[in-house]
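Undergrad: Supplied in structure tokens, the structure appears directly below.
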Amino acid sequence: MIAPLQIHLQERVLFCDTDAGGVVSNVHYLRFVEKGRTELLGQAGMTPAAMVETGVYAVVRRAEVDYLVPAKIDEVLDISARFVSVRGASAVVEILLRGASDGVPRVKALQTLACLNVQTGKPQRLPASWKGLVSEGDPPK
């Protein structure tokens, strides 16, 4: 059986991520969310290179973002991601951004991914083994 998969990485807030007040602008949080999702998919075997090679992509079908506490310039963020559910040709991923210095959540995102064959434009089932990657309970720390 495959163990549940959770990833964890850190990223510093750059000047280009912020507005004039030194606070991360809402659209730039999505860059951090994408890093978490991309790393999670890569650890599950669906790296960007593998998607290009096979023509099978995990695309974002739906995104929910809760902006909880502003992140600021030069702050280091802990980015964690996990699979919440895997069904057929779709998966739900949770990505959490926390301040590395205080552990306080800054952003929580849920993304529904659809697995598509880009040649046919049709859904493609995710590997059955991915069901074992789902994490139960609390988000990763």
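The values are calculated or read from the model by the stated rules, or taken from the named source; none is laboratory data. Predicted model, so just to flag it, every value in this text is computed and none were measured. We place every Cβ from the backbone using ideal geometry, glycine too, and count neighbours over all the protein chains shown.
Undergrad: Please list, ordered by first then second residue, the pairs with beta carbon atoms under 8 Å, 6 or more apart or interchain, first in segment 22-33 and assigned to a strand (DSSP E or B), second of a type in the set (D, E).
TA: Qualifying pairs under 8 Å: V24/D17.
Undergrad: Is it fair to say A91 is out of contact with any Leu (no Cβ under 6 Å at 6 or more places or on another chain) and within 23 Å of R31 (Cβ to Cβ)?
TA: Against the criterion (out of contact with any Leu (no Cβ under 6 Å at 6 or more places or on another chain) and within 23 Å of R31 (Cβ to Cβ)), A91 does not qualify.
Undergrad: Give, as residue ranges, the strands (runs of 3 or more DSSP E) completely inside segment 40-141 that count at least 3 residues that are of a type in the set (D, E, K, R).
TA: 56-67, 76-87
Undergrad: Can you find a residue in segment 82-89 that is of a type in the set (F, W, Y) and under 17 Å from G132 (Cα atoms)?
TA: To start, the set of residues in segment 82-89 that are of a type in the set (F, W, Y) comprises 83.
Then keep just the ones that are under 17 Å from G132 (Cα atoms); that gives 83.
Scanning segment 82-89, I find at least one residue that is of a type in the set (F, W, Y) and under 17 Å from G132 (Cα atoms), so the answer is yes.
Undergrad: Determine if segment 82-104 includes at least one residue that is at pLDDT 95 or above, touching a Gly at 6+ places or on another chain (Cβ under 8 Å), among the small types (G, A, S) and surrounded by 15 or more Cβ atoms within 10 Å (Cβ to Cβ).
TA: No, that holds for no residue.
Undergrad: Hey, L110 hits all of (1) more than 17 Å from I7 (Cβ to Cβ); (2) among the hydrophobic types (A, V, I, L, M, F, W, C); (3) surrounded by fewer than 18 Cβ atoms within 10 Å (Cβ to Cβ) but one; which does it fall short on?
TA: Going through (1) more than 17 Å from I7 (Cβ to Cβ); (2) among the hydrophobic types (A, V, I, L, M, F, W, C); (3) surrounded by fewer than 18 Cβ atoms within 10 Å (Cβ to Cβ) one by one, L110 breaks only (1).
Undergrad: Now for a different question. Name, by its number, the condition in (1) farther than 21 Å from W130 by Cβ; (2) in contact with a helix residue (DSSP H, G or I) (Cβ under 8 Å, 6 or more places away or on another chain) that does not hold for S101.
TA: Only one criterion is unmet by S101, namely (2).
Undergrad: Might you let me know whether segment 79-90 holds any residue that is more than 14 Å from Q10 (Cα to Cα), of a type in the set (K, R) and without any contact (Cβ under 8 Å) to a residue 60 or more places away in the chain?
TA: Filtering segment 79-90 for residues more than 14 Å from Q10 (Cα to Cα) gives 82-90.
Those left that are additionally of a type in the set (K, R): 82, 87.
From what is left, the residues that are without any contact (Cβ under 8 Å) to a residue 60 or more places away in the chain are 87.
Yes, segment 79-90 has at least one match.
Undergrad: With the structure loaded, tell me whether V65 is in contact with a helix residue (DSSP H, G or I) (Cβ under 8 Å, 6 or more places away or on another chain), of a type outside the set (S, T, Y) and modelled with pLDDT of 95 or more or whether it fails that test. Steps first, please.
TA: On the way: in contact with a helix residue (DSSP H, G or I) (Cβ under 8 Å, 6 or more places away or on another chain): yes; of a type outside the set (S, T, Y): yes; modelled with pLDDT of 95 or more: yes.
Yes.
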